[in-house]
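Undergrad: Shown below is the structure under consideration.
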């Protein structure tokens, strides 16, 4: 399956792409299938009650990730990219009070969140750590339709049947499918990507652009890329303006605004520390992830939990590198999405499936590749930059305290951004030749994720999530 740049970078809401955006989209899809008659013999008007159950990681950290709220909003009819926070809050409260939903095309449907939204803490469903079921009932509480969905990271959802037909992790299988789809540069691995670049004389961004333009105009592509960057940059700006306490009960204070003000003061008084660039990278990333933790508007990059890494590095490119250009921003995004697509297809971008190495590690690799490309790196240097960044996140667990995307997630994005810039710089100092290929590193990340204990994969049952001060 061809992954567009706009599949990797989706504008949505926090705090989690897999636990918030995915379940919301699953609920929307279930309603759509009922409307269109996808469930044989069932019409929208037959439905009198709906229930949903959350399994695996969606259950264990669903409260902290607002998964229950996401399902309710999806059943009302909201989609992540069109969510109006003020309107959504009022309608969600109405559902809790009236215990009824009435999405477009349906009559009144009974839905009591207390009874009809179940957190199942038993074994996960067989297809993925993030599983959920939605059921529709008719007269006499007769089951009319049921569907199982898996939220596989980055806001992507698949049904149980689609999961069974999922593309294998063999890059040759992916290559064959992409060729059949008719894309001009159907690379399914970093090795193929480099070989195609050598054969055509094109950069990774140029190949990605030609793939994208086989399905849309150049103007549409550029407009979409600019909209993604504007959303990312706007999220940074909002995060730098806001202060207060983040929701969820940990009493975590927003810090980005205060740090940003100190950095501006140091700059104005010509008193910056030699390592100040690291502070700027951190504060940009923290601004995004504080917005994400508050349920704000963010861009999956490639997930919400890792949504601060790439925007931070891209903001660093624009505001701190004198030679930056607007076209460089587009090159950055195209290149980063190519690398993100390879990681998603051949491994995972889901913390529930492979730990935080799959989220912040993937984001850092994407950002390193994008920055290297924007600074004029060769395809070989870009591949090297991505490998360096990913390699040094291997084994990182996903262990959010209280299931909230706050500790250690917010600071972790800042460190992922710093690693990305360092990786790009190291790669640019070389000629692209290196010992460990990116493909091997991606495969290692996948194998490490499979070996990793479940308590370290977004369940909040191990690691930092259970090692808290007792004072």
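The values are calculated or read from the model by the stated rules, or taken from the named source; none is laboratory data. Predicted model only: the values in this text are computed from it and were never measured. Using ideal geometry, Cβ is built from the backbone for each residue, glycine included, and neighbour counts are taken over all protein chains shown.
Undergrad: Determine whether residue 266 is in the same structural domain as residue 422 (by TED's automatic domain parsing) and in contact (Cβ under 8 Å) with a residue 24 or more places away in the chain.
TA: No.
Undergrad: Just checking, how many residues over region 119-145 are loosely packed, with under 14 Cβ neighbours inside 10 Å and part of a strand (DSSP E or B)?
TA: Total satisfying the criteria: 1.
Undergrad: Please find, among 61, 67, the residue that is buried (at least 22 other Cβ atoms within 10 Å of the Cβ), in contact with a helix residue (DSSP H, G or I) (Cβ under 8 Å, 6 or more places away or on another chain) and in contact (Cβ under 8 Å) with a residue 60 or more places away in the chain.
TA: Going through 61, 67 in turn, the sole match is 61.
Undergrad: Just checking, does region 279-289 include any residue being assigned to a loop (DSSP other than H, G, I, E, B), closer than 15 Å to residue 410 by Cα, in the same structural domain as residue 252 (by TED's automatic domain parsing) and touching a strand residue (DSSP E or B) at 6+ places or on another chain (Cβ under 8 Å)?
TA: No: zero hits.
Undergrad: Something else about it: Pick out, from region 321-420, the helices (runs of 4 or more DSSP H) lying fully within it that include 1 or more residues that are over 16 Å from the mean Cα position of the chain (by Cα) and more than 13 Å from residue 306 (Cβ to Cβ).
TA: Output list reads 326-346, 360-374, 379-391.
Undergrad: Name the one entry in 297, 318 that is farther than 14 Å from residue 412 by Cβ, surrounded by fewer than 24 Cβ atoms within 10 Å (Cβ to Cβ) and at pLDDT 95 or above.
TA: From the options 297, 318, the qualifying one is 318.
Undergrad: Identify all residues within region 36-55 that are within 18 Å of residue 71 (Cβ to Cβ) and either assigned to a loop (DSSP other than H, G, I, E, B) or under 30 Å from the mean Cα position of the chain (by Cα) (or both); write none if there are none.
TA: Result: 47, 50, 51, 52, 53, 54, 55.
Undergrad: OK, next. Taking residue 147 as meeting all but one of (1) under 20 Å from the mean Cα position of the chain (by Cα); (2) under 17 Å from residue 22 (Cβ atoms), write down the number of the exception.
TA: Against the list (1) under 20 Å from the mean Cα position of the chain (by Cα); (2) under 17 Å from residue 22 (Cβ atoms), residue 147 comes up short only on (1).
Undergrad: Just the residues that are surrounded by fewer than 14 Cβ atoms within 10 Å (Cβ to Cβ) and either at pLDDT 95 or above or closer than 17 Å to residue 17 by Cβ (or both), please, taken from region 70-84. Show your work before the answer.
TA: Going residue by residue through region 70-84, those that are surrounded by fewer than 14 Cβ atoms within 10 Å (Cβ to Cβ) are 82, 84.
82 - this is the single residue of region 70-84 that is surrounded by fewer than 14 Cβ atoms within 10 Å (Cβ to Cβ) and either at pLDDT 95 or above or closer than 17 Å to residue 17 by Cβ (or both).
Undergrad: Sticking with this structure for a sec: Among the listed residues 373, 352, identify the single one that is over 30 Å from residue 401 (Cα atoms) and in contact (Cβ under 8 Å) with a residue 60 or more places away in the chain.
TA: 373
Undergrad: Something else about it: Using the structure shown, decide if residue 456 is assigned by TED's automatic domain parsing to the domain that holds residue 259, modelled with pLDDT of 95 or more and surrounded by fewer than 19 Cβ atoms within 10 Å (Cβ to Cβ).
TA: Judged against the criteria, residue 456 is not a match.
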